[in-house]
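Written below as structure tokens is the structure these notes are about.
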Amino acid sequence: MNRPENPPSAVASLPTTSAEATNAMIHYYRAEMGRMNTWRSRLDLTTNWAITVVAAMLSVTLSTPTAHHGLVLFAMVIVMLLLGVEARRYRFFDVYRMRVRQFERHYFGQLFGPETQSGPEPWLLMLARDLRHPKFRISFWRAMGRRLRRNYIWMFLILLMAWLLKIASPDLQAGVHLDPDRPLAVLVEQASTGPVPGWLMVAIVAAVYACLLYATYSTRERGGDEVRV
């Protein structure tokens, strides 16, 4: 019994003329631009969530003395989680942004204003390798540092000031009276949360903010012609 022959595999026809190649590049540029805009919208959405969390927690915590200062600490945790989500999304966004920038710099930039002195750059070969073997261009740590410098460090500073104001002001806490003879000890005592003593809570908050400041300044980049967002 004769075996049926395998159907021929479909082979995509590549452009054979310069017009076809140009048309393919334009459509590919539009596709990459669409994906970049999609991930850009996701970044903005995560930032909006973080701003909403900060505003909601501050309005609840500072509006009444009966609200516990732990709500501000809870807001810090939520914003930290959103920062991690946004850093992961930024790594994807950076891949598509790089591809779009390659087209804008080496194709459209050369079309609108040719540079005869610059040598040939193998940007198409680099783009082909990236399409065959895609990978992230920046680490998670660097992506988190970029998002901290752009948006999140200011939210964390606002939460820190709100937390210090909450534990330091007797008007914002029910049944709290500051002792002028030992004001620092009273402030540390008011920072306690449940079974966690105040001195340990202050140490944890200080360590977290030290890590945030280190991530903000250790990932700073010098020079470069790429637009940072």
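The values are calculated or read from the model by the stated rules, or taken from the named source; none is laboratory data. What you see is a predicted model; the values in this text were computed from it and never measured. Neighbour counts are summed over all protein chains in view; Cβ atoms, including those assigned to glycine, are modelled from backbone coordinates with ideal geometry. Ligands, DNA and RNA are excluded from the accessible area calculation, which covers all protein heavy atoms including side chains. Shrake-Rupley method; radii C 1.70, N 1.55, O 1.52, S 1.80 Å.
Remark: A24 falls outside the filter, which requires a residue to be in contact with a helix residue (DSSP H, G or I) (Cβ under 6 Å, 6 or more places away or on another chain) and either part of a helix (DSSP H, G or I) or without any contact (Cβ under 8 Å) to a residue 40 or more places away in the chain (or both). The condition of being over 24 Å from the mean Cα position of the chain (by Cα) and either at pLDDT 90 or above or surrounded by 15 or more Cβ atoms within 10 Å (Cβ to Cβ) (or both) holds for only one of L83, L127, that being L127.
Among the helices (runs of 4 or more DSSP H) contained in segment 75-171, which hold 2 or more residues that are under 25 Å from M25 (Cα atoms) and touching a residue at least 12 places away in the same chain (Cβ under 8 Å)? Working first, answer last.
Details: elements: 109-112, 123-132, 140-147, 153-168.
By residue number, 123-132.
Restricting segment 62-71 to residues that are out of contact with any Lys or Arg (no Cβ under 6 Å at 6 or more places or on another chain) and open to solvent by less than 50 Å² (accessible area, probe 1.4 Å), which is modelled with the highest pLDDT?
Per the criteria, the residue is G70.
Could you tell me whether any residue of segment 13-21 is part of a helix (DSSP H, G or I), surrounded by 13 or more Cβ atoms within 10 Å (Cβ to Cβ) and modelled with pLDDT of 80 or more? Checked segment 13-21: no residue is part of a helix (DSSP H, G or I), surrounded by 13 or more Cβ atoms within 10 Å (Cβ to Cβ) and modelled with pLDDT of 80 or more.
All of (1) open to solvent by less than 70 Å² (accessible area, probe 1.4 Å); (2) over 30 Å from T22 (Cβ atoms) hold for V100 with one exception: (2). When you look at A143, is it open to solvent by less than 70 Å² (accessible area, probe 1.4 Å), modelled with pLDDT of 90 or more and of a type in the set (A, V, I, L, M, F, W, C), yes or no? For A143, the condition - open to solvent by less than 70 Å² (accessible area, probe 1.4 Å), modelled with pLDDT of 90 or more and of a type in the set (A, V, I, L, M, F, W, C) - is met.
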